[in-house]
Amino acid sequence: MAEHAIDIITYQLEALGDGYERGFAALKSEFEGMSIEEFTASRPATRFILRWMRDLKLFDRRLSALFRRKKQPPVADGFTAAVAVCLEQFLSAHGLSGCVRSEETTIPKKGATRPDVSVRNRKDELIATIECKTNLGWARSTWKASHESRSSNLQILFPDCTAYLCVMTQRNWDSSELEQSEFYEREWFCLSNSDVLTLAPEIPDECILTPIEPMFVELLRKLNEK
């Protein structure tokens, strides 16, 4: 009986991996069929990321119910993966596969920073980093100084590198400082004004605060000019 049980779990995990591969390929195909104008207007990347996070949190809740887990696992790594995968498929759709990295050190040196997502051009030069946060409630008073410090340090080593900040939702923290910044909607993004668990599957326009598409388009431009 135990062997049969683990076989079921193993099969489901293998099927999950296959499903991810098919889903990512379908996402790339969707991006290939869009002009930049259509991509920016319809916001498919933002919707994909928010839907992924919604469904991931719903899955975690269902799993937790099976053994009465009271505290839900953090979804920060899932959010980083969603942003990285979506960006990789977008760039691949435009002939630029392999530019996206995740959790890779900026330089091959002990103690070097390890951005959530980084983008390198054909010469392997770092042109952008993306720090991915589900929200900033854990660092209400320090997030801005912390991000600006990381950005300044990156500029010393990589003058052409842009340090982006991508937050999943404005829920549970005061986002006014972010929204009032000159970097808002250019380098600092907050994707949704809602708790992702409350989102409808189609992700309504009114629940999207700062779409991520302008960031992706700018990264495509930077990669094509190098």
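The values are calculated or read from the model by the stated rules, or taken from the named source; none is laboratory data. From a predicted model like this one, the values you see are computed outputs, not experimental measurements. Because the Cβ atoms are built from the backbone with ideal geometry, glycine has one as well, and the counts that use them run over all protein chains shown.
Table for the structure above
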{"read-out": "Pick from the range 107-119, criterion among the charged types (D, E, K, R) and surrounded by fewer than 19 Cβ atoms within 10 Å (Cβ to Cβ), ranking: nearest to Val167 (Cα to Cα)", "value": "Arg114"}
{"read-out": "Listing of helices (runs of 4 or more DSSP H) fully contained in the range 1-91 that carry 2 or more residues being buried (at least 17 other Cβ atoms within 10 Å of the Cβ)", "value": "2-32, 44-65"}
{"read-out": "Candidate set from the range 173-226 (those that are β-branched (Val, Ile, Thr) and not in a helix (DSSP H, G or I)); member that is surrounded by the fewest Cβ atoms within 10 Å (Cβ to Cβ)", "value": "Ile208"}
{"read-out": "The range 116-164, residues that are of a type outside the set (Asp, Glu), in a strand (DSSP E or B) and in contact (Cβ under 8 Å) with a residue 24 or more places away in the chain", "value": "Val117, Val119, Leu126, Ile127, Ala128, Thr129, Ile130, Cys132, Lys133, Thr162, Ala163, Tyr164"}
{"read-out": "Unmet requirement for Glu103, which otherwise passes all of (1) free of Cβ contacts under 8 Å to residues at least 40 places away in the same chain; (2) under 19 Å from Pro115 (Cβ atoms); (3) in contact with a helix residue (DSSP H, G or I) (Cβ under 7 Å, 6 or more places away or on another chain)", "value": "(3)"}
{"read-out": "Thr142 among the hydroxyl-bearing types (Ser, Thr, Tyr) and at pLDDT 90 or above", "value": "no"}
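Residues checked against (1) farther than 27 Å from Leu50 by Cα; (2) out of contact with any strand residue (DSSP E or B) (no Cβ under 9 Å at 6 or more places or on another chain); (3) polar (S, T, N, Q):
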site: Ala84; (1), (2), (3): no, no, no
site: Leu91; (1), (2), (3): no, no, no
site: Arg101; (1), (2), (3): no, no, no
site: Pro108; (1), (2), (3): yes, yes, no
site: Ile130; (1), (2), (3): no, no, no
site: Gly137; (1), (2), (3): no, yes, no
site: Gln155; (1), (2), (3): yes, no, yes
